[in-house]
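Undergrad: Got a structure for you, written out below as structure tokens; questions coming shortly.
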Amino acid sequence: MNETLEMTSTLIVESPLDGEMIASLTVTTDTEFDSILNNAIEAQKKWAILTLKERVQVFYNYLELLKETKQELAEIVHVENGKTMPEAVAEIEKSIELTEYTCSLPQVVRGDMQEVSNGVWCTTSYEPIGVVANIAPFNFPHMVPHWTAPNAMLLGNAVIMKPSEHVPLSAIKMKEMLEESGLPAGLFGLVHGDKKLVEKLCDSPIVKAVSFVGSTPVAKIVYARATSNFKRCVALGGAKNHLLVLPDCHPEMTANNVIASMSGCAGQRCMAASVMIAVGDVDPIINLMKKEAGRIKAGENLGAVINKDAKERIEKYIDLAEKEGAKILVDGRNTTVANKKNGHYVGVTIIDHVTKGMAVATEEIFGPVISIIRVKTIEEAIELENNSPFGNAAAVFTQSGKLASKIIGEFDAGMVGVNVGVPVPREPFSFAGWNDSKFGHGDLTGDASILFWSNLKKITTKWAAESKSNWMS
């Protein structure tokens, strides 16, 4: 064998629904990696010359393709991620919304212009960065790439994406559809593999910016490595979201929202409710939550968790809480689904009488588990939420506008809700938390993403030589 040839390895993709293999991919080699980046450089040079109005035509076409193939795309998400079909459809619908926003950018990214002195004009323009990298997680294999890649490319950049090795199929289909819509070859590149590819993207001098969505420990590593190589970077991490429930809340609405928030996507989303802070006597709401949890069945309206390791990790948290004295009101351990014995399922789990020092009260579980901590006062509840190192999302359930205003003003979180269990902003508002839920300045989505994905150029011009009124002209 020629020693100069690279060894290739294979990536096996299994469905969380039943443990069956659904794909086999070749891990990107060093030679392929270099070729993908070099192709991106050449494609980006030609793409950047086009106007926004010309570039956006590709995304008009792509938007129509997304709508036409919504069910097919949802099926891919369902099989590779394990979420239910309605959840998968909702994910594609969110990707459609994100692409609609991308299509609006030519009307948004217009720059400013002002006569700053007699005969002297200042203008601004948004210029492409070059080649950028997106590192995407497993929990939203279609939506999260649409947070970043369409906006970045519409603004004139080339994008290299590394999808999670657990869910690469949605990204592969995305690439096919973009190129079918007229995107130049090489402008959207995919690399497949593990953390070594993340390190290469952070280290490559060709890559000028890095976006990351995943867990907090990895987000810290990615942010530190990318910025140490003088790249701009925003890395979104994990969460420990608190829902503060007051006795005056609407009982049925609150119970339904709390359970939907903690169990949607099998709890595998950074906006999921993780801790319910019960202020005073809210036992009637907890009883309604137990009843609502009984309506959620694994394999029907509750999806699978991503793999066996995730299932075991989640169940260990429940075991530990029980050993530490918490009360398991609804137990999702050892959940199985008929005809899917190798699937990875954890049922809805409600844990009461949790204390603030327990692991289930402080650590991200990333599963359909809600911990209930009981407190006596609103002040104690706010302090509990704000003492969390995370700062992604928080919400309050109450019918008092006065109390809601006080609480949302004091919550230390980037996304806050009132009577909303999953306070996700919609475009053009950006998605991002605070503290250990986000590293870096700026945002990846919405209007605030424009400055992350471009360089702001300022131009000062004077054409009238006779104009003179002050030192500038």
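Undergrad: Restricting to Cα pairs below 8 Å that are 6+ residues apart, what does the relative contact order work out to for segment 241-418? Please round to a whole percent.
TA: 28 percent
Undergrad: Using a cut-off of 12 Å between beta-carbons, work out the net charge of the residues near residue 391 (Lys and Arg +1, Asp and Glu -1, residue 391 not included).
TA: -1
Undergrad: Please give the contour-minus-distance gain from residue 363 to residue 300: 0.36 nm per residue of separation, less the Cα-Cα distance, rounded to one decimal in nm.
TA: Between residue 363 and residue 300, full extension yields 19.9 nm more.
Undergrad: Run lengths n ≥ 4 of DSSP H only: what is the helix-derived mean residue ellipticity at 222 nm for the chain, with -39500 (n - 2.57) per run over all residues, to the nearest 500?
TA: It comes out at -12500 deg cm²/dmol, rounded to the nearest 500.
Undergrad: Let me ask something else. Tell me the net charge near residue 14. Cut-off is 10 Å between Cβ atoms, residue 14 excluded, with +1 for each Lys or Arg and -1 for each Asp or Glu.
TA: Residues near residue 14 contribute -2 overall.
Undergrad: I need 170, 181 ordered by Cβ neighbour count within 10 Å, fewest first.
TA: The order, fewest Cβ neighbours first, is 181, 170.
Undergrad: Quick one: what are the phi-derived ³J(HN,Hα) couplings along segment 226-231, Karplus 6.51/-1.76/1.60 with θ = phi - 60°, whole Hz, x for glycine and proline?
TA: Karplus-based 3J(HN,Hα) across segment 226-231 equals 5, 6, 5, 9, 6, 9 Hz.
Undergrad: Then there is this: Taking the simple approach of a point 7 Å from Cα along Cα-to-Cβ for both residue 313 and residue 405, what is their distance in nm?
TA: 4.2 nm
Undergrad: Using a Förster radius of 25 Å, what is the FRET efficiency between residue 464 and residue 122 based on their Cβ-Cβ separation? Nearest 0.05, please.
TA: It comes out at approximately 0.95.
Undergrad: Please report the base-10 log of the normalised intensity I(q)/I(0) for segment 241-418, using a Debye sum with one equal scatterer per alpha carbon and no solvent, at each q in 0.16, 0.19, 0.20 (1/Å).
TA: Taken in order of the listed q values, log10 I(q)/I(0) reads -0.90, -1.25, -1.38.
Undergrad: Order of 27-36, 229-238 by packing, highest average Cβ count within 10 Å first?
TA: 229-238, 27-36
Undergrad: Taking H placed 1.01 Å from N in the peptide plane, check which residues at least 5 places from residue 244 or on another chain put their amide H under 5 Å from its amide H.
TA: For residue 244, whose amide H was placed from the backbone, the distant partners under 5 Å are 277, 395, 396, 397.
Undergrad: Using amide H atoms built 1.01 Å from N in the peptide plane, name the residues 5+ places from residue 455, or on other chains, whose amide H lies under 5 Å from its own.
TA: 127, 129
Undergrad: Could I have the simple spin-label model distance between residue 61 and residue 112, label points 7 Å from Cα toward Cβ, reported in nm to one decimal?
TA: Inter-label distance under the simple model: 3.7 nm.
Undergrad: Around residue 269, which amide H atoms from residues at least 5 apart in sequence, or from another chain, sit under 5 Å from its own amide H, with H modelled in the peptide plane?
TA: none
Undergrad: Considering only DSSP beta bridges with both partners in segment 241-418, what is the antiparallel share in %, to the nearest 5?
TA: Close to 10 percent.
Undergrad: Once you keep just the Cα pairs under 8 angstrom separated by 6 or more residues, what percentage relative contact order results for the chain?
TA: Computed over the chain, the figure is 18 percent.
Undergrad: Continuing with the same structure: Going Cα to Cα from residue 340, which lysines come in below 23 Å? Please leave out same-chain ones fewer than 8 positions away.
TA: Output for residue 340: 83, 297, 308, 311, 316.
Undergrad: Next question, about the same structure. Using a Förster distance of 30 Å, how high is the FRET efficiency between residue 341 and residue 70, based on the Cβ-Cβ distance and rounded to 0.05?
TA: 0.45
Undergrad: Rank-order 261-269, 62-70 by packing density, defined as the average count of other C-beta atoms within 10 Å over each peptide's residues, highest first.
TA: Answer by packing, highest mean first, reads 261-269, 62-70.
Undergrad: Hey, another quick one. At 1.567 mPa s and 4 °C, plugging the Kirkwood radius over alpha-carbon pairs of segment 201-248 into Stokes-Einstein gives what diffusion coefficient in µm²/s?
TA: Translational diffusion coefficient: 107 µm²/s.
Undergrad: What ratio of Cα Rg to 2.2 N^0.38 Å holds for segment 283-339?
TA: Expressed relative to 2.2 N^0.38 Å, the Cα Rg reads 1.27.
Undergrad: Out of all DSSP beta bridges with both ends in the chain, state the antiparallel percent to the nearest 5.
TA: For the chain, the DSSP antiparallel bridge percentage is about 40.
Undergrad: Among 431, 390, which comes first, second and so on when ranked by fewest other beta-carbon atoms within 10 Å?
TA: Placing the least packed residue first, the sequence is 431, 390.
Undergrad: Let me check I've understood the local charge: for residue 448, count other residues with C-beta under 14 angstrom from its C-beta, Lys and Arg +1, Asp and Glu -1. What total comes out?
TA: 0
Undergrad: Order of 15, 405, 388, 437 from fewest to most other C-beta atoms within 10 Å?
TA: Final ranking by Cβ density, sparse to dense: 405, 15, 388, 437.
Undergrad: Just to verify a number: FRET efficiency for residue 26 and residue 53, C-beta to C-beta distance, R0 = 30 Å, to 0.05?
TA: 0.20
Undergrad: Now for a different question. Jot down the radius of gyration and Dmax of the chain, Cα atoms only, both in angstrom.
TA: 24.3, 85
None of the figures in this text is laboratory data; all of them are computed from the coordinates on show. Since the model is a prediction, treat every value here as computed from it, not as a measurement. FYI the Cβ positions are ideal-geometry reconstructions off the backbone, even for glycines, and counts take in every protein chain you see.
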